[in-house]
Amino acid sequence: MKNILIFVLIAIIACMAWIQLRNGDRKPDVSNSKSPVDLEAQELSRKVDSAGLEHVIYKEAEPITKLIEVKVEDKAKVDSLMKVVGIKESQLKSVTNAYGQVVAENIQLRKRPTDTAYIMSDKWLTLSFTPKNDTLAISNFSYNFDFQSVSYDPRKWYEKIYNWNDVTYTNIWSTDKRAKIRGYEKLTIAEKEPDLGYSIKASAMYLPNIDETGFGGKINIRFKRINASGSYLYSPNMNQWYPAFGIDIDLIGKH
């Protein structure tokens, strides 16, 4: 029986390898390929909270596996960023850009009798204005700008049962009411799981209907959503080793 199990496992591995090589020779069906991914996230809504801060919610694109899936103009932008940082495409994990604008009107600058400059200062902005003559003035400023963001999956647990693809919303805001979010770009590179894989495990099982226990070793071969496993387990009740074989097919779930 043990020899039969080994023969079956070898046959399965050979078949999986043949299917993988055969599929590798096929040209991809360009007609059914998805449209290129936008680097710019989709803006869903804007709202002002009780503190007067404007929140902007964006829906990010699904993670991609290769940079060629991005629009040509966005790929050029990402390429330039990688060149600045000095990394290769294989090292890239994600790219994030957030754009903002600070707008303020009728800012009042005050001057004390002992000062030479008109000054305005708060938690974020420090601004000074020093007249030199009728045609020249010197101004200095500093601004502490901040972006705060929270990324999350908006779905309920039951909504994931029929759609396990990644869905990410990002809420962005600034603690300065004068700051407005103009745009948000996010690109994530997903690590694609190989079609073919294997694992060697310690295994244990219990069959309550016959009160049978077994433990030992297990070999698992995975090809895409098909998992074939072979175990060699010891049964204390029977005081002997016995083989076990099984095949699982993923129907619902996420790799």
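Okay, residues lined up against (1) surrounded by 12 or more Cβ atoms within 10 Å (Cβ to Cβ); (2) polar (S, T, N, Q):
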residue	(1), (2)
TRP173	yes, no
GLU193	no, no
GLY197	yes, no
ILE200	no, no
GLY216	yes, no
ALA228	yes, no
TYR234	yes, no
ASN239	no, yes
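Every test in (1) over 18 Å from LYS186 (Cβ atoms); (2) free of Cβ contacts under 8 Å to residues at least 24 places away in the same chain; (3) open to solvent by 70 Å² or more (accessible area, probe 1.4 Å) is passed by ALA51 save one, and that test is (3). For region 48-82, the candidate set comprises residues that are in a helix (DSSP H, G or I) and among the basic types (Lys, Arg); within that set, the residue that is nearest to LYS177 (Cα to Cα) is LYS77.
A quick yes/no check of all residues on (1) open to solvent by 60 Å² or more (accessible area, probe 1.4 Å); (2) out of contact with any His (no Cβ under 7 Å at 6 or more places or on another chain); (3) not hydrophobic (A, V, I, L, M, F, W, C):
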position	(1), (2), (3)
SER45	no, yes, yes
GLU73	yes, yes, yes
LEU92	no, yes, no
VAL102	yes, yes, no
LYS111	yes, yes, yes
ILE119	yes, yes, no
ASP122	no, yes, yes
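Elements of the type strands (runs of 3 or more DSSP E) sitting completely within region 136-255 and holding at least 1 residues that are farther than 30 Å from VAL78 by Cα and at pLDDT 85 or above: these cover 137-143, 196-207, 212-223, 226-235, 240-249. Residues that are touching an Asp or Glu at 6+ places or on another chain (Cβ under 9 Å) and exposed (fewer than 11 other Cβ atoms within 10 Å of the Cβ) within region 133-171 comprise just one, ASN165. Within region 203-220, being charged (D, E, K, R) and within 16 Å of MET238 (Cβ to Cβ) holds for ASP211, GLU212.
When restricted to residues that are in a loop (DSSP other than H, G, I, E, B) and polar (S, T, N, Q), region 125-135 contains 2. The set of residues in region 121-141 that are of a type in the set (Gly, Ala, Ser) and out of contact with any strand residue (DSSP E or B) (no Cβ under 6 Å at 6 or more places or on another chain) contains only SER121.
The values are calculated or read from the model by the stated rules, or taken from the named source; none is laboratory data. Since the model is a prediction, treat every value here as computed from it, not as a measurement. No Cβ is skipped: glycine too gets one built from the backbone with ideal geometry, and neighbour counts run over all protein chains shown. For accessibility, only protein heavy atoms count, side chains too; no ligands or nucleic acids. Shrake-Rupley method; radii C 1.70, N 1.55, O 1.52, S 1.80 Å.
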